[in-house]
Amino acid sequence: MMDYYLRLALSRCRQNVPMVLLLVLTMAIGIASTMTALTIFRALAGAPLPGVSPSLYVATMDARESVDKDNPDYKQPDSLLKFADAKALVDAHRAVQQVAVAQSLTQIGRPDGDQSAQAYGLMAYGPVLQAFGVPLRYGRPWTEAELASNAPVLVIDTHTAQKLFGTENAVGRSVTLGRRSFRVIGVSAPWKPRVQMFDVAQSRGNLMGQDENFFVPAEASLDAGVGPLIAGECGKDAPVASFQSTQVSQCRWLEAWVRLDTPAQVSAYGPFLAGYANAQHDAGRFVYPPQARLYSTQAWLALNHVVPDDVHLNLMLAGGFLLLCLVNVAGLLAARFLRRQGDVAIRRALGASKRDVFVQHLVETGLLGLLGGVLALPLTWLGLWIVRMQPVSYAEAARFSPGVFAILLALSVGVGLVVGILPAWRVCRQPPALQIKLA
Amino acid sequence: MRHIVKPLLRQRMMPLLVALQVALACAIACNALFLLQQKLVPIVTPDGVGQPDCLIVAWNIAPRGNPWPPATLRQTATELRAIPGVASASLAASWPMETMAQLSGTVVAEGKGIKASASVYIGDHLLDTLGLKLLEGRNFSAGEDALIYKGMGLEADGPAIITQALARHLFPDGDALGKVIRIGDQADAARRTVVGVVAHLMRNKFGQDDREDVDYTLLFPGTPSNWPVPIFGVRVRSKAEATGVLKAMKAVVQRELGPNMIQGIDPAYESYGDMRERMLAQSKAAVWLLSGVSLIVLLVTVVGIMGLTSYWVQQRARQIGIRRALGAQRGNILREVQLENLLVVGVGILFGMVLAYAINLWLMHRYELSRLPWNYLPYGAALMLLLGQCAVLSPALRAARVPPVVATRSV
């Protein structure tokens with residue numbers, strides 16, 4: 001029966017070709033615009049570290065140690081901490097995993113000076129690779145003992161290893177970072193969060209982030225003369241430090257990230273964090289009530305508007321447009337079906353049930369939807385290409401992926417069926433006798 | 001009227017679908033056009049900078065460790081000024097079309113209490129280097145330009161030059177010159193005396209600003225100390241000399257500041273025209289996108305109305321034939337179909353306006369959008385009515401052409 005309906009639908013598509021083209025094109029444009037916006041949205045709004053970041057939380061508190069006239073009421077939660085506070089939170093071991101990190105940009109070279117590479121990386125206190133799930137290709141992460149003794153060890157990524165040594169397996173080699181020689185104990189696979197998640201307040205405009213080329217214990221790095229890229233918030237009396245400074249003892253420049261796997265762990269960590277911050281306030285260090293809060297990665301990114309509002313607005317615009325296209329196609333289909341009431345009446349008179357007629361018309365609209373989907377595929381590709389050409393920070397996210405293709409197919413058939421329900425119901429509703437009379 | 005409304009109520013599906021389409025199109029188009037208008041503001045507003053191709057800007061100059069002392073930066077600016085072909089050079093803390101450093105906040109007209117959110121540019125010789133048009137008052141004196149602030153300079157009293165738009169907003173009586181503006185609304189906020197008014201100068205923070213406040217800007221003379229991201233602007237005498245000056249400029253900046261620059265971040269040298277293009281490129285892209293979307297939305301709606309009305313007309317060919325046989329003129333039929341469309345589209349517009357407003361309210365709540373101005377609604381309504389009439393014209397003419405003899409056929 002299905003195959004008869006299909007043949008019927010195909011033969012009907014060949015009648016009144018301009019109308020069919022109009023229907024298919026309208027659906028295709030609606031689907032393609034939604035798919036374009038959805039692709040970008042999915043790439044940006046998902047977890048920055050799939051599988052890892054949903055259980056990562058960032059600690060925020062008002063850790064200012066002097067009165068700040070410009071921002072007395074702490075409107076925006078602040079994640080930057082002094083090294084001492086970050087260290088205290090990490091050393092407390094109250095979460096499944098905890099690490100304090102800051103971004104750095106420096107030159108990494110071979111000891112013989114033959115090769116050097118510009119490298120972005122993370123200065124960390126704690127097990128950074130384990131906490132963020134950075135995949136290791138060779139070697140091992142640093143140990144607690146190495147961290148505690150400020151051992152000059154570091155992990156570089158395969159890209160940097162290849163550039164410096166011509167091989168990915170650089171474990172055991174030495175590199176120069178700042179003034180000191182560091183031993184490579186591990187080589188990580190190329191790694192970066194899907195969108196910028198570290199120090200988002202100061203990384204605006206750098207939405208997609210960059211590969212982290214090295215991971216180094218923070219204190220060993222400072223000892224070697226390599227500081228964080230941005231010194232963060234320094235006290236009023238501190239020497240003003242800006243970029244790559246190692247004079248950061250009076251600055252808040254690290255973020256503490258903790259991994260909490262269960263809701264119970266999350267609700268237990270909150271009071272611990274508040275307790276720590278309040279103790280600092282009570283001791284007179286923090287001048288303002290600390291308002292310590294834990295933010296999940298997603299909530300933190302949303303709070304800081306990391307994904308531009310435009311991405312959300314465009315998705316809503318595209319969704320609204322698809323809805324308009326659906327109503328439009330439903331109307332045109334209704335007109336198209338109702339024009340054929342004569343045929344339907346004869347089929348009904350010959351014994352076809354309402355259900356048969358309904359299914360037959362749904363098959364036809366499903367087929368039209370599928371055609372629309374096929375046409376939407378190149379249109380989506382075109383839409384994404386256009387977005388990639390645009391000077392927007394998320395241009396790189398506009399890439400076609402197999403997942404998108406699956407959504408597109410499902411969407412197009414779904415669209416075809418949804419727009420068909422009303423017209424198909426309308427056409428099978430009328431009693432056959434009346435329809436024959438009308439015909 | 002009754003003979004138009006009654007059939008609409010009897011055969012509800014077609015008019016309902018048309019009205020629904022119109023409502024949706026109205027809601028989408030109103031909001032899209034509103035967003036478009038906002039993106040258009042920085043593109044169409046004059047930025048006040050004269051001869052953008054004769055202004056070369058060096059920015060993204062980042063010191064390693066501590067910021068350069070003002071004396072070093074001043075020395076660099078002096079050397080830039082000495083390059084042959086340079087008409088004027090500035091050392092500044094923030095710059096139009098450069099968003100790395102944005103100094104914005106609330107300013108208050110002293111005595112009047114009128115507030116505005118405005119941007120501040122701090123630097124020396126700014127009026128000449130930016131090529132601003134001075135309408136009233138005077139430029140900063142050499143002594144004022146030579147000031148070195150302790151810190152940023154936002155807390156220091158002194159002179160200020162403001163834009164005409166800001167002057168008119170803060171001092172509606174038109175007597176801004178000599179008046180005092182407080183920088184911030186605290187009791188101890190700095191007092192800045194207006195010494196000059198310039199025609200235009202665009203702020204470097206735009207996005208959600210409306211047409212007015214994109215031009216709310218103040219200029220302060222002098223040089224901040226401990227400022228980590230200095231900017232140098234150099235105005236050349238003629239465009240022909242730009243290439244040579246640029247080369248000399250790079251050499252000066254590199255020689256004076258290079259040794260203490262952060263490794264891996266290179267200074268950027270650009271003509272102001274290019275900076276402007278780059279900054280506005282995103283807005284321009286959004287304008288294209290939004291106008292494309294609005295156009296397609298309206299097109300789809302027109303096609304939808306046409307398709308549905310022509311079916312609706314065809315369905316009633318017999319009734320139209322009967323009316324023609326009973327003496328209705330072609331013009332009557334034409335006007336009836338048009339009036340019917342007017343009614344249906346009108347109902348759609350009513351719902352569309354409510355929907356447009358509701359969507360705008362929701363967007364305002366979730367994102368930092370401003371309120372949809374009321375005057376969008378009548379314009380949107382008129383546009384939709386016009387489009388509806390255009391869409392219905394061809395089916396209506398076809399209806400009018402139905403001959404009376406149809407009434408006698410196949411009854």
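Quick rundown of the values:
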| quantity | calculated |
| --- | --- |
| DSSP-loop chymotrypsin sites (Phe, Trp or Tyr not before Pro) across segment A:25-89, with at most 16 other Cβ within 10 angstrom | A:Y74 |
| Normalised alpha carbon radius of gyration of chain A [divisor 2.2 N^0.38 Å] | 1.36 |
| DSSP-defined beta bridges in the protein assembly as shown - what % are antiparallel, rounded to 5 | 75 percent |
| Sequence-distant lysines (8 or more away, or on other chains) whose Cα lies within less than 17 Å of B:K179 | B:K112, B:K115 |
| Per-residue ³J(HN,Hα) for segment A:358-363, Karplus 6.51 cos²θ - 1.76 cosθ + 1.60, θ = phi - 60°, Hz, x for Gly and Pro | 4, 5, 4, 6, 5, 4 |
| Contour minus Cα-Cα distance for B:E368 and B:A382 (0.36 nm per residue) | 2.2 nm |
| Percent of Cα pairs exceeding the 21 Å cut-off, where the set is segment A:1-74 | 68 percent |
| Amide H within-cut-off set for A:Y138, under 5 Å, with H built and near neighbours excluded | A:V187 |
| Cβ-placed point charges (K, R +1; D, E -1), dipole of chain A about Cα centre in debye, nearest 20 | 2480 debye |
| Principal-axis tilt of helix B:330-366 within chain B, Cα atoms, nearest 10 degrees | 40 degrees |
| Using a Förster distance of 30 Å, the FRET efficiency for A:Q291-A:H93 (Cβ separation, nearest 0.05) | 0.80 |
| Anchor B:K150: lysines whose Cα lies under 22 Å away (excluding residues fewer than 8 positions away in-chain) | A:K69, A:K236 |
| Estimated distance in nm for a label pair at A:A268 and A:V67, the labels positioned 7 Å out from Cα along Cα-to-Cβ | 4.2 nm |
| Nearest 10 degrees, 0 to 90: helix A:17-45 Cα axis against chain A principal axis | 20 degrees |
| Extreme residue, positive dipole direction of segment A:272-403, given options A:V374, A:A395, A:G320 (C-beta unit charges) | A:V374 |
| Percent of alpha-carbon pairs separated by more than 20 Å within segment B:313-409 | 52 percent |
| Neighbouring partner chain Cβ atoms per residue of A:311-324, average, 10 Å criterion | 5 |
| Distance histogram in 5 Å bins (all Cα pairs of segment A:368-418, percent per bin) | 5, 21, 25, 19, 15, 10, 5, 1 |
| Peptide-level mean, for A:330-337, of C-beta atoms on other protein chains within 10 Å | 6 |
| Two-decimal log10 I(q)/I(0) for segment A:118-193, as the Debye equation yields it once each C-alpha is a single scatterer, q = 0.16, 0.22, 0.23, 0.26 Å⁻¹ | -0.53, -1.05, -1.16, -1.46 |
| Relative exposure of A:S249, B:S238, judged by other C-beta atoms within 10 Å (fewest first) | B:S238, A:S249 |
| For A:M1, B:M261, order by how many other beta-carbon atoms lie within 10 Å, fewest first | A:M1, B:M261 |
| Distance (nanometres) between label positions extended 7 Å along Cα→Cβ at B:F351 and B:D173 | 5.5 nm |
| Dipole moment magnitude, nearest 20 debye, the protein assembly as shown about Cα centre, only Lys, Arg, Asp, Glu C-beta charged | 5200 debye |
| Potential lengthening between B:I4 and B:Q314 on full extension [0.36 nm per residue; Cα-Cα distance subtracted] | 110.0 nm |
| Dipole magnitude of segment B:123-181 about its Cα centre (Cβ charges: Lys, Arg +1; Asp, Glu -1), debye to nearest 20 | 140 debye |
| Whole-number Å³ per residue for the convex hull built on Cα positions in the protein assembly as shown | 219 Å³ |
| Label zone at B:R74 (point 7 Å along Cα-to-Cβ), backbone N below 19 Å, segment B:241-275 | B:253, B:256-257 |
| When the convex hull of its Cα atoms is projected in every direction, mean area for segment B:138-220 (nm²) | 6.2 nm² |
| Max mean-square fluctuation residue, GNM over chain B, Cα-Cα springs under 10 Å, options B:K39, B:K247, B:K133 | B:K247 |
| Fluctuation leader among B:P230, B:P67, B:P172 - chain B, Gaussian network, Cα springs under 10 angstrom | B:P172 |
| Range in chain A, longest, excluding exposed trypsin sites (Lys or Arg not before Pro) [loop by DSSP; at most 10 other beta-carbon atoms within 10 Å] | A:180-439 |
| Spin-label pair A:R388/A:D343, simplified geometry with 7 Å Cα→Cβ offset, distance in nm | 4.2 nm |
| Karplus-derived HN-Hα couplings along segment A:393-406 (A = 6.51, B = -1.76, C = 1.60, θ = phi - 60°), whole Hz, x at Gly and Pro | 5, 9, 3, 5, 6, 7, 10, 6, 9, x, x, 4, 4, 4 |
| Principal axis dimensions, chain B - Cα atoms, whole angstrom, descending | 100, 49, 36 |
| Around B:L8: net Lys/Arg minus Asp/Glu count, Cβ-Cβ under 14 Å | +3 |
| Fluctuation leader among B:P63, B:P259, B:P228 - chain B, Gaussian network, Cα springs under 10 angstrom | B:P259 |
| Principal semi-axes in Å for segment A:202-304 [√(5λ), Cα gyration tensor, largest first] | 26, 21, 14 |
| q = 0.26, 0.27, 0.31 Å⁻¹: log10 I(q)/I(0) that the Debye formula gives for segment A:56-111, counting C-alpha atoms only | -1.11, -1.15, -1.33 |
| Listed residue pairs exceeding 23 Å between alpha carbons, taken from A:K82/A:K163; B:K133/B:K205; A:K192/B:K250; A:K163/A:K192 | A:K82/A:K163; A:K192/B:K250 |
| Spherically averaged projected area of segment B:15-107 from its Cα convex hull (nm²) | 11.6 nm² |
| Peptide B:280-293 - average C-beta neighbours from other chains (10 Å radius) | 3 |
| Whichever lysines have a C-alpha closer than 16 Å to that of B:K239, once near sequence neighbours (fewer than 8 apart) are set aside | B:K247 |
| Karplus (6.51, -1.76, 1.60) ³J(HN,Hα), θ = phi - 60°, over segment A:367-384, in Hz, Gly and Pro reported as x | 5, 4, x, 4, 4, x, x, 4, 6, 5, 4, x, 5, 4, 4, 4, x, 5 |
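Every number here is computed from the coordinates shown, using simple stated rules; none is lab data. These numbers were taken from a predicted model, which means no experiment stands behind them. Note that each Cβ is placed from the backbone with ideal geometry, even for glycine, and that neighbours are counted across all protein chains shown.
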